[in-house]
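The values are calculated or read from the model by the stated rules, or taken from the named source; none is laboratory data. Note that the structure is a prediction, hence the values are computed from the model and not measured. Cβ placement follows ideal geometry from the backbone for every residue including glycine, while neighbour counts extend to all protein chains displayed. SASA here: full protein model, heavy atoms, side chains in, ligands and nucleic acids out. Shrake-Rupley method; radii C 1.70, N 1.55, O 1.52, S 1.80 Å.
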Amino acid sequence: MKNRIERFAKWLDQETIDVAILTSTENVFYFSNFYSDPHERLLAIVLFPNAEPFLVCPQMEEESAKVAGFEQMIIGYKDTDDPWEKVFAEMKKRTSGSIGKIAIEKSHMNVERYENLRKAFPSVQLIQAEEKLDELRAVKDPAELEKLRKACELADFAIDVGVHAIKDGTSELAIVAEIEYELKKKGVEQMSFETTVLSGAKAASPHGNPDLTKVQKGQLVLFDLGVIYKGYCSDITRTVAFGEIDDEIFHIYETVRKAQEAAVLATKPGMTSANLDLTARKIIQDAGYGEYFTHRLGHGLGISIHEYPSVTETNPLVLREGMVFTIEPGIYIPNRVGVRIEDSVAVTATGVEVLTKYPKELLFV
Ligand code: MN
Ligand code: MN
C-alpha cells in the first residue's frame, strides 16, 4: 500500500499536481485496502505529492476502514454533515492553501461533485488521473498476484462443479445455481460477473444470458465465470461437449484451442498487445473462421474484471512483467454454435504464468 501511494505521489509531484481526489471503489481500495461501495454517499481517498493521504467515508464505516488496514487519517461524516466541507478544509491545511491543479477520475466523477469542486476552487485546473492509475494498476505486485492465483484456483473449481452438473434434463440456470452454491460453501462472497452457462446455439452470442433452456446431448456447453477473492477477480471460459458432437463442431473447437494455446505460449514481456491478438486471430482466419471471431483477444483484470490493458489487434501497448489479462479467442456462428476458451494469465520476467489451469482438451461429458 505504501509503495503504491509513493509511486502515485511521485507522479503528482512530477506533474505539479497539488492534490488528487479519487472516489471510485476500485481506486480507493487500491490505495487503502478498504473495499466499499458507498452508493450515493461520498467515499474518497485524497492524496498529495508531499503530505500523507487521508480517507473520507461515512462515519459508520470508519472502523471497517481501519480494520482493512488504512493507517492514515480517516475523516468520518454523518448523513447530516456536508462531507465536502471537511474534505476541502483538510485539503487546504495540507497544501498550505495554494491549490492550482487537482487530479480526479474524470470518467467517474459525476456532475454534482464536479460542480461542488468548481464552486470551492473556481480557477483550479482539473487533471485526468485515470491514465496514470491504469498504468500503475496494470502491473501487479507479488501480493496482488497471490490473490489472483487464488481467485483463479476457485474459478477452476467452479468449472469442475459446472461440468459435473451437466446431465439430461438440467437447465443452464440450474447449473449456474449448482456452481454458485458450491462456491458459497467455500467462502466465495461474490462472483466477478454474472455466471454464464450457455448451451448449443445460445453460446453463439458472446454475452448471452443463461435461462431455463435445458442442456441437450450433441451440443456444446459454454461456461464463463470468475470469482472475487480478497478484492481480485478471476475470469475463465471453458466449452465442453455433452455427448457426441459432429465433426465440424469438433473442428471449430480445435481451431479455437490452437489459437488460444498459441497466444498463451507467445506471451512474453516486450511483445505488443497487437501481436498477441494477431497470433490467435491469424490461426482462426487461416481456418476460415476469421469473421466469426468478433471481439478482442482479451482484457486486463485485477480489482476490476475489465481493466487496462485491452488486448486488441491494433493496440501498440508493450506487455510488461506483472501485467495480468485474459486470452479468450472464440468462434461464434449465429444460430449454430459458439466456442470460447479463456485463461487469465500473468506476464513473467521471461514468459507467462497461466493462472487458470482447467484442462483445455475437449471434454466429453
Ligand atoms: Mn474475459
Ligand atoms: Mn470471461
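Would you be able to say whether some residue in the stretch 104-114 is surrounded by 14 or more Cβ atoms within 10 Å (Cβ to Cβ) and over 21 Å from residue 5 (Cα atoms)?
Within the stretch 104-114, the subset surrounded by 14 or more Cβ atoms within 10 Å (Cβ to Cβ) is 104-105, 108-109, 113.
When the remaining residues are screened for being over 21 Å from residue 5 (Cα atoms), the result is 113.
Yes, there is a match, as at least one residue in the stretch 104-114 is surrounded by 14 or more Cβ atoms within 10 Å (Cβ to Cβ) and over 21 Å from residue 5 (Cα atoms).
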The correct count of residues that are crowded, with 20+ Cβ neighbours inside 10 Å and either of a type in the set (Lys, Arg) or out of contact with any helix residue (DSSP H, G or I) (no Cβ under 6 Å at 6 or more places or on another chain) (or both) in the stretch 1-19 is 4
Of the residues that make up the stretch 270-284, is at least one touching a Ser or Thr at 6+ places or on another chain (Cβ under 6 Å), away from ligand 2 (no atom under 15 Å from the Cβ), at negative phi and open to solvent by 50 Å² or more (accessible area, probe 1.4 Å)? no
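Tell me, which residue of the stretch 230-247 that is over 23 Å from residue 172 (Cβ atoms) and more than 16 Å from ligand 2 (Cβ to nearest atom) is least open to solvent (accessible area, probe 1.4 Å)?
Only one residue fits best here, namely 231.
Could you list all residues from the stretch 313-327 that are within 16 Å of ligand 2 (Cβ to nearest atom) and without any contact (Cβ under 8 Å) to a residue 60 or more places away in the chain?
So in the stretch 313-327, the residues within 16 Å of ligand 2 (Cβ to nearest atom) come out as 324-327.
Within the stretch 313-327, just 325 meets the criteria.
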Would you confirm whether any residue within the stretch 122-129 is open to solvent by 20 Å² or more (accessible area, probe 1.4 Å), more than 23 Å from the chain's Cα centre (by Cα), over 30 Å from residue 219 (Cα atoms) and without any contact (Cβ under 8 Å) to a residue 24 or more places away in the chain? yes
Scanning the stretch 344-356 residue by residue, those away from ligand 1 (no atom under 16 Å from the Cβ), open to solvent by 10 Å² or more (accessible area, probe 1.4 Å) and either closer than 16 Å to residue 280 by Cα or under 18 Å from the mean Cα position of the chain (by Cα) (or both) turn out to be 352, 353
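A quick yes/no check of all residues on (1) acidic (Asp, Glu); (2) within 16 Å of ligand 1 (Cβ to nearest atom); (3) closer than 26 Å to residue 145 by Cα; (4) at pLDDT 95 or above:
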position: 195; (1), (2), (3), (4): no, yes, yes, yes
position: 198; (1), (2), (3), (4): no, yes, no, yes
position: 211; (1), (2), (3), (4): yes, no, no, yes
position: 230; (1), (2), (3), (4): no, no, yes, yes
position: 248; (1), (2), (3), (4): yes, no, no, yes
position: 253; (1), (2), (3), (4): no, no, no, yes
Of everything in the stretch 328-343, what is away from ligand 1 (no atom under 11 Å from the Cβ) and either part of a strand (DSSP E or B) or without any contact (Cβ under 8 Å) to a residue 40 or more places away in the chain (or both)? Give them in sequence order. 331, 332, 333, 337, 338, 339
